[in-house]
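Just so it is clear, none of the values below were taken in a lab; they were calculated from the coordinates. Just so you know, these numbers come straight off a predicted model, no measurement behind them. Quick reminder, even Gly has a Cβ in these numbers, built from the backbone with ideal geometry, and neighbours come from all protein chains shown.
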Amino acid sequence: MPFYLIIIIAVVIIMVIISTVLYLIQDRIIFHAEKLPANYKFSFRNDFDEINLKTNDNQMLNGLLFKVQDPKGVILFFHNHSGNIEHWSRSANYINHLKYDALLMDYRGYGKSTGTYNEKLMSEDAA
């Protein structure tokens, strides 16, 4: 067998192994949940209420409703793949500045929300 063919086969095998490992650990690479203790007390300058929503499978999603006087409406905000709602509270300031209440929610496994993150369940929770 020619040497160049051995090199090509070796490279393909290595690429398949790397791709498989990355596929298997992709959730740990992409999602960076930061948990908070259940008794954690949020503290912000803005007026807010802490809420908990129960999911169909009896998990609890934690959220914060930042309020303004005479709001135009409510904007539901799910943060991206890292942190928790405490880190994203600045987004509520911007939304409140536009005269909307802001409901910031944590995904499963983030902040004070229970359960473990899962892309399919995260989409269902948001719906």
Margin query: Just to verify a number: FRET efficiency for ALA127 and ILE18, C-beta to C-beta distance, R0 = 30 Å, to 0.05?
Written below: 0.30
Margin query: Please give me the summed charge of the neighbours of GLU50: other residues whose Cβ is under 15 Å from its Cβ, Lys and Arg +1, Asp and Glu -1.
Written below: -1
Check: With each label point set 7 Å from Cα along the Cα-Cβ vector, what nm distance links HIS97 and HIS81?
Finding: 2.8
Next item on the list: Output the antiparallel fraction of DSSP beta bridges having both residues in the chain, as a percent to the nearest 5.
Entry: 60
Notebook entry, point to check: What does the charge dipole of the range 1-67 about its Cα centre add up to, to the nearest 20 debye, if the Cβ of each Lys and Arg holds +1 and the Cβ of each Asp and Glu holds -1?
Noted result: 100
Check: With a sphere of radius 14 Å drawn around the Cβ of ASN96, what net charge do the other residues whose Cβ falls strictly inside it have (Lys, Arg +1; Asp, Glu -1)?
Finding: +1
Next item on the list: Using Cα pairs closer than 8 Å and at least 6 residues apart in sequence, work out the relative contact order for the range 74-127, in percent.
Entry: 35
Notebook entry, point to check: Given that just one value was derived from the coordinates, which of [x] 8.5; [y] 11.2; [z] 10.1 is mean projected area of the Cα convex hull in nm²?
Noted result: [y]
Next item on the list: May I ask you to order 41-47, 121-127 by the average number of other C-beta atoms within 10 Å around their residues, highest value first?
Entry: 121-127, 41-47
Note to self: Net charge around ASN84, counting only other residues with Cβ within less than 9 Å of its Cβ (Lys, Arg = +1; Asp, Glu = -1)?
What the structure shows: -1
Next item on the list: Would you work out the relative contact order for the range 33-126, in percent, from Cα pairs under 8 angstrom that are 6 or more residues apart?
Entry: 34
